[in-house]
Amino acid sequence: MKTGGQIVWESLLKEGVDVVFGLPGGAILPAYDDLMKYEYPIHHVLVTHEQSAAHMADGYARATGRVGVCIATSGPGATNLITGLATAYMDSSPIVAITGQVPTSLLGRDGFQEADVQGVSLPVTKHNYLITDVRDLADAIKEAFYIAGTGRPGPVLVDICKDALQASVEYEYPESVYLPGYKPNLNAPDEASVARAARLLNEAKKPLIVAGQGVSIARAEKELRQLAEKANIPVSTSLLGIGTFPSTHPLSISWGGMHGEAYTNYAMQECDVMFAIGARLDDRLTGAFDTFAPNAKIIHVDLDPAEMGKNITIDTPVVGDALLTLKMLLPQMQPNEHPAWLAKIADWKTESTERDIIAQETDELVAPYIMRQLWHATNEGDATVVSDVGQHQMWEAQYFHHTKRRSLLTSGGLGTMGFGLPAAIGAQMGLPDEEIWVVAGDGGFQMTMIELSTVMQERLPIKIAIINNGYLGMVRQWQDVFYNKRHAGTPLFNPDFVKLADAYGIPAKSVTRKEDVYSAIKEAQAADGPYLLDFQVEEFTNVYPMVAPGKSNADMIRRPMPNLMEGAE
Ligand SMILES: Cc1ncc(C[n+]2csc(CCOP(=O)(O)OP(=O)(O)O)c2C)c(N)n1
């Protein structure tokens, strides 16, 4: 016989879980007690706030490709997880959340710390459970892991009533799941659609690939590269697709969309066949849906049939796994050259480079410069960067060239400020030997900086770069462009981040001058544990290009050419 609490831990062990992120409370206490009592070899990371527990599980999952686990108590503990679950849901990240619930006798009676967690989490989880009977617990956990990690990954929540945690039952972990209607393994695409995709790509004059995170989830980076090289097709990515194709490769044309590269957007707008694979074509990438890639026949490869035609009219839908699709497609592809098309893109790229902010002679400390130095200092990208949300996130993606899979972890879909530090903690727990950098704005960092205590408690060697511009920068940029520079609610009151780090026992340094950037990064790297760098940057730099919401990508606001810059002679 095992208690519900024991069943939780033993089931997690069966799933190969070695670390969980959580914070206890009354309803989940029986499970915590069982963890201590029976000394299960699962490491529990005590977080400061449950939102972070979900981000940590998410960061762990994104970095390792394994399912991350977070734990919270009932009511406020569980509702604090919701932003993290929604973040993982939008970015297809596999996590299992285990929450305590009030005893079954109190369900629906507004008992102390009761919240309808199943109801609240329903729209932001792939699936969820309310367990009122301990006999259902092992099956639910088995299914939760299966659902979270298969098909299109996502978060699954198991809410367990306290009495079910305390009750005992004969325990046997199920060998398999029985879920009629959920068939994530039927993921080979239909042959006729793949043949049509091959024909379109072979005949294209101006083909273009848009690779999304689905490529990395399917581990199809190698095959993507083979496709691009065989037929000389330029490869762009979505924000989350960064790292699926080395951005230093001659066929790489960076990432597109609202703040993607201008030349990438031009290429997307002009291509005649677009091969979008594992990218959900959201509005940040496409701009106004009806103006996106107007000349292109679009082939959309995605595991999730619900993505087909959701935003964009698709010429050739291919419902299937990215790896299987590429493997079927490759033999049907003919070698090809496309010299005129590649030359045209190269011209656009040269012109983009001329506008580059870091090519300009200025002493101002700006984030793009820091991002490029970080790239150099990490042996040209041999690190994992976890970025928060805002201008710095866009600059990181523009100026740090990612060549490795899963080397940029960022909240793309929900755009969750506060994601960076906790997600980096999860990533570092999963990849203890990897160099991990958090790049965060001063606003987003303050949302979860309380997790500096977790960094120290777990002795994690995370390096933190705060891009401190004294503003909620990205919103300040919108105010400049759309609200006549009225800065309502965007100037920040910041603590002294160096002193703050000191309070946690973390070494830190403030950097104000360009010439000190590289050496400061090197100093942080040389430190044996965590290190925080507070980069005090120019306040009013904007991210370009910028596509106004609802506008076409063809109508980008671009950075003025250097000789047209304000103040230029
Ligand atoms: C939780 C949350 N609240 C609000 C926003 C809206 N938002 C997007 S970017 C941004 C500003 C971010 O400022 P900061 O963290 O300082 O980074 P910066 O843009 O200056 O690099 C805000 C408020 C958000 N994305 N997430």
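The numbers here are math on the coordinates, done by the rules we state, and not lab data. Since we're looking at a predicted model, the values are computed, not measured. Backbone-built Cβ (ideal geometry, glycine too); neighbour counts: all protein chains shown.
Structure notes:
- Mean residue ellipticity at 222 nm, helices only, the chain: -10500 deg cm²/dmol; runs of at least 4 DSSP H residues each add -39,500 (n - 2.57), and the sum is divided by the number of residues.
- Charge context of F482, other residues only, Cβ under 15 angstrom, K/R +1, D/E -1: +2
- Antiparallel beta bridges, as assigned by DSSP with both residues in the chain, represent about 5 percent of the total such bridges.
- Working ranking of peptides 388-394, 212-218, 528-534 by packing, defined as the average number of other Cβ atoms within 10 Å per residue, highest first, is 388-394, 212-218, 528-534.
- Dimensions in Å of segment 420-471 - Rg and Dmax from alpha carbons: 10.9, 34
- The order of the peptides 490-497, 324-331, 154-161 by mean Cβ neighbours within 10 Å, most packed first, is 154-161, 324-331, 490-497.
- Computed from Cα positions, the angle between helix 50-64 and the longest principal axis of the chain comes to roughly 60 degrees.
- Nearest 10 degrees, 0 to 90: helix 137-149 Cα axis against the chain principal axis: 10 degrees
- Restricting segment 277-361 to GluC sites (Glu not before Pro) in coil, as DSSP defines it, with at most 10 other Cβ within 10 Å: E337, E361
- In loop segments of segment 229-300 as defined by DSSP, there are no trypsin sites (Lys or Arg not before Pro) with at most 14 further C-beta atoms inside 10 Å of their C-beta.
- Entry note, the chain: relative contact order of 14 percent, from Cα contacts under 8 Å with a spacing of 6+ residues.
- Against the empirical curve 2.2 N^0.38 Å, the C-alpha radius of gyration of segment 368-446 lands at a ratio of 0.99.
- Unsatisfied cross-links (Cα-Cα over 20 Å) in the set K2/K183; K310/K404; K463/K499; K310/K551; K2/K37; K37/K162: K2/K183; K310/K404
- Among 378-384, 185-191, 549-555, 469-475, the order from most to least packed when residues are scored by Cβ within 10 Å on average: 469-475, 378-384, 549-555, 185-191
- Per-q log10 I(q)/I(0), segment 1-141, q = 0.22 Å⁻¹ (Debye; single scatterer per alpha-carbon; no solvent): -1.57
- As a ratio to 2.2 N^0.38 Å, the alpha-carbon radius of gyration for the chain is 0.99.
- Positive-end residue of V96, Q213, T512, charge dipole of the chain with Cβ unit charges: Q213
- Cα centroid of segment 363-403 to Cα centroid of segment 462-516, whole Å: 16 Å
- For the pair segment 30-51 and segment 148-168, the centres of their Cα atoms are 16 angstrom apart.
- Sparse-neighbourhood loop sites, trypsin sites (Lys or Arg not before Pro) in segment 160-206 - DSSP loop, at most 14 other Cβ within 10 angstrom: K205
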